[in-house]
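Written out below as structure tokens is the structure these notes cover.
The values are calculated or read from the model by the stated rules, or taken from the named source; none is laboratory data. Source: prediction; values computed, not measured. Positions of Cβ are generated from backbone atoms using ideal geometry, with glycine treated the same way; all protein chains shown enter the neighbour counts.
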Amino acid sequence: MSSRSWAEPYKIKMVELLKMTTPKQRKKAIEEAGFNTFLLKSEDVYIDLLTDSGTSAMSDRQWAGMMLGDEAYAGSRNFYNLERVVKKCYGYKHLIPTHQGRGAENILSQVMIKKGDIIPGNMYFTTTRLHQELAGGTFYDVIIDEAHDSTSLHPFKGDIDIAKLDKLVKKFGAKKIPYVCVATTVNMAGGQPISLKNLKELRAYTNKLGIKIILDMTRIAENAYFIQQREKGYANKNIASIVRQICDLTDGATFSAKKDALVNIGGFLTLNDDKKFEEASNLVVVYEGLHTYGGLAGRDMEAMAIGIEESLNDDHINARVGQVIYLGNKLIASGVPIVQPIGGHGIFIDAKLFLPHVKQINFPAQALAAEIFEDSGVRTMERGIVSAGRNAKTGDHYFPKLELVRLTIPRRVYTQAHMDVISESIDSVYKRRNEIKGMEMIYEPTYLRFFQARFKRL
Ligand SMILES: *Cc1c(COP(=O)(O)O)cnc(C)c1O
């Protein structure tokens, strides 16, 4: 690592003004929100780290692209631009645009999965698993054990444990496994990458058995960055070429363009198989729209095409992940317990270690997220017992191993000074951690309770 600082490879042309709040205003806001950061009004938030999905800043070139929208119902010029960029950057044969990632997951699951099928993957993602289940499949986690340990420093915690996969094949038979679902920069593991070495081994293994590999390529550029930085033999390869190598080892992909691709809405499905593509183009008409727009306006496809190329620029990805690492290193220096290695899209605070005196049943991550907001107006979110929900059969809470507060960083939106404010705020909350109390849930919705649950302080 050189000792010179990096900086953003862009300058700011337009700004969005933020409301600066007083401690009294923030206290009132979080109380009114039932201590749930999802129920805060966005205008009361100073720095919003709720998600990196659809929250990135578009470039002037992308905004110019929005003006070139060809809003024809069929065969829009922007579709062909997007198709050309996807083929060039990712190499897949066929493209179907969708309104966002889950639209692609729905169509993929319906054309690939039969009732009783098994879908192995490197940790689940909420919408991905749900669509697999709705299509009659069952998800099995085959990620390496290190992914479930917040203190393990394994450089590729997104890797697949081929021995776990082989066990599934022996138990159910390869015929029951239409594909392995491989995520890049595994979200639920804290933004952890998969290595090319592991992907090559997986390709060799699945080729023998006729099992396909479908990528969830939502954060592929960030994954490529970690390969370039950490994997032997890739230090001199650029991001675009590493991304292409990842794609070339797989048979198709689903993509939420709301992350890597720097747009506020959009996604797609890609497939190399002609017959499956034909089936998918048939289905997209039912759920999304004609196969040349898939629920998107022409201008959205244009902004996505431009965003994809920008997302694969080495200077961009250096600054993007560099900003996350900058914040993570500041927190580590203050002694704040976070998931390591630092991930690609955000920082995950270990709330069990931060608040060891608060029992998991008193929602430590929820309490900590509320406390951080009250301190500085920084909005984070809970990824622990509240998000995990209840066991449908027994009605008991799930008690997940990881009880985390997630700080997801939008791309190209905040400055280094914002990162300093975040880190100083968390540091100050950490210094008075012994005074922080747990919570009691006073309203619990039936589905995905973390969005709307309400709490009071004990
Ligand atoms: C966001 C996301 C999705 C779903 O995409 P949407 O655009 O939100 O529908 C799927 N997989 C991963 C890993 C994601 O982060």
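Taking the residues in region 401-418 that are in contact with a strand residue (DSSP E or B) (Cβ under 9 Å, 6 or more places away or on another chain) and over 22 Å from P356 (Cα atoms) as candidates, determine which candidate is surrounded by the most Cβ atoms within 10 Å (Cβ to Cβ).
Restricting to residues being in contact with a strand residue (DSSP E or B) (Cβ under 9 Å, 6 or more places away or on another chain) and over 22 Å from P356 (Cα atoms), the top hit is I409.
Which one is farthest from S53 (Cα to Cα) among residues in region 390-414 that are among the hydroxyl-bearing types (S, T, Y) and in contact (Cβ under 8 Å) with a residue 12 or more places away in the chain? Lay out the reasoning, then the answer.
Taking region 390-414 first, the residues among the hydroxyl-bearing types (S, T, Y) are 394, 398, 408, 414.
Filter once more, keeping what is in contact (Cβ under 8 Å) with a residue 12 or more places away in the chain: 398, 408, 414.
Values: Y398: 26, T408: 9, Y414: 15 Å.
So the residue we want is Y398.
Every residue in region 79-105 that is surrounded by 23 or more Cβ atoms within 10 Å (Cβ to Cβ) and either free of Cβ contacts under 8 Å to residues at least 12 places away in the same chain or touching a His at 6+ places or on another chain (Cβ under 7 Å) (or both), please.
Selection gives I96, E105.
For T126, work out the one condition from (1) within 13 Å of the ligand (Cβ to nearest atom); (2) more than 17 Å from the chain's Cα centre (by Cα); (3) surrounded by fewer than 23 Cβ atoms within 10 Å (Cβ to Cβ) it doesn't fulfil.
So the condition that T126 fails would be (2).
Starting from residues that are of a type in the set (D, E) and part of a helix (DSSP H, G or I), keep the ones in region 35-80 and report whichever is nearest to Y10 (Cα to Cα). Quick ask: steps written out before the conclusion?
As a first pass, look at region 35-80 and keep what is of a type in the set (D, E): 43-44, 48, 52, 60, 70-71.
In the following step, the residues that additionally are part of a helix (DSSP H, G or I) were identified as 43-44, 60.
Working: E43: 26, D44: 28, D60: 10 Å.
Taking the candidates together, the pick is D60.
Looking only at residues that are aliphatic (A, V, I, L, M) and assigned to a helix (DSSP H, G or I) in region 312-328, which one is farthest from S241 (Cα to Cα)?
My answer is L327.
Which residues, taken from region 114-154, are among the small types (G, A, S) and in a strand (DSSP E or B)?
Residue satisfying the conditions is G121 alone.
Give just the number: which of (1) at negative phi; (2) touching a strand residue (DSSP E or B) at 6+ places or on another chain (Cβ under 8 Å) does L134 not satisfy?
(2)
Results for (1) outside the structural domain of Q110 (by TED's automatic domain parsing); (2) within 16 Å of the ligand (Cβ to nearest atom); (3) in contact with a helix residue (DSSP H, G or I) (Cβ under 9 Å, 6 or more places away or on another chain), shown as yes or no for each residue.
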| site | (1), (2), (3) |
| --- | --- |
| K258 | no, yes, yes |
| N272 | no, no, no |
| M304 | no, yes, yes |
| I325 | yes, no, no |
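Which is surrounded by 18 or more Cβ atoms within 10 Å (Cβ to Cβ) and within 21 Å of the chain's Cα centre (by Cα), of A183, A135?
A183
Go through region 206-220 residue by residue and tally those that are under 20 Å from F268 (Cα atoms) and away from the ligand (no atom under 13 Å from the Cβ).
Residues meeting the conditions: 2.
Quick grid of which residues meet (1) part of a loop (DSSP other than H, G, I, E, B); (2) within 26 Å of the chain's Cα centre (by Cα); (3) on the phi < 0 side of the Ramachandran plot:
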{"position": "L368", "(1), (2), (3)": "no, yes, yes"}
{"position": "R406", "(1), (2), (3)": "no, yes, yes"}
{"position": "I442", "(1), (2), (3)": "no, no, yes"}
{"position": "T446", "(1), (2), (3)": "yes, yes, yes"}
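Which condition breaks for E310 when tested against (1) closer than 20 Å to K88 by Cα; (2) within 15 Å of the ligand (Cβ to nearest atom)?
(2)
Take F156 and decide whether it is away from the ligand (no atom under 12 Å from the Cβ) and within 21 Å of the chain's Cα centre (by Cα).
Details: away from the ligand (no atom under 12 Å from the Cβ): yes; within 21 Å of the chain's Cα centre (by Cα): yes.
Answer is yes for this residue.
Is it the case that region 159-174 has a residue that's within 16 Å of the ligand (Cβ to nearest atom), out of contact with any helix residue (DSSP H, G or I) (no Cβ under 7 Å at 6 or more places or on another chain) and either among the polar types (S, T, N, Q) or at positive phi (or both)?
no
Scan region 17-28 residue by residue and report those that are assigned to a helix (DSSP H, G or I) and without any contact (Cβ under 8 Å) to a residue 60 or more places away in the chain.
K24, Q25, K28, listed by residue number.
List every residue pair whose Cβ atoms sit under 9 Å apart, with the two residues 6 or more apart in sequence or on different chains, where the first one lies in region 50-64 and is closer than 13 Å to I306 by Cα and the second, anywhere, is within 13 Å of the ligand (Cβ to nearest atom) and not in a loop (DSSP other than H, G, I, E, B).
Within 9 Å, the pairs are Q62/M304.
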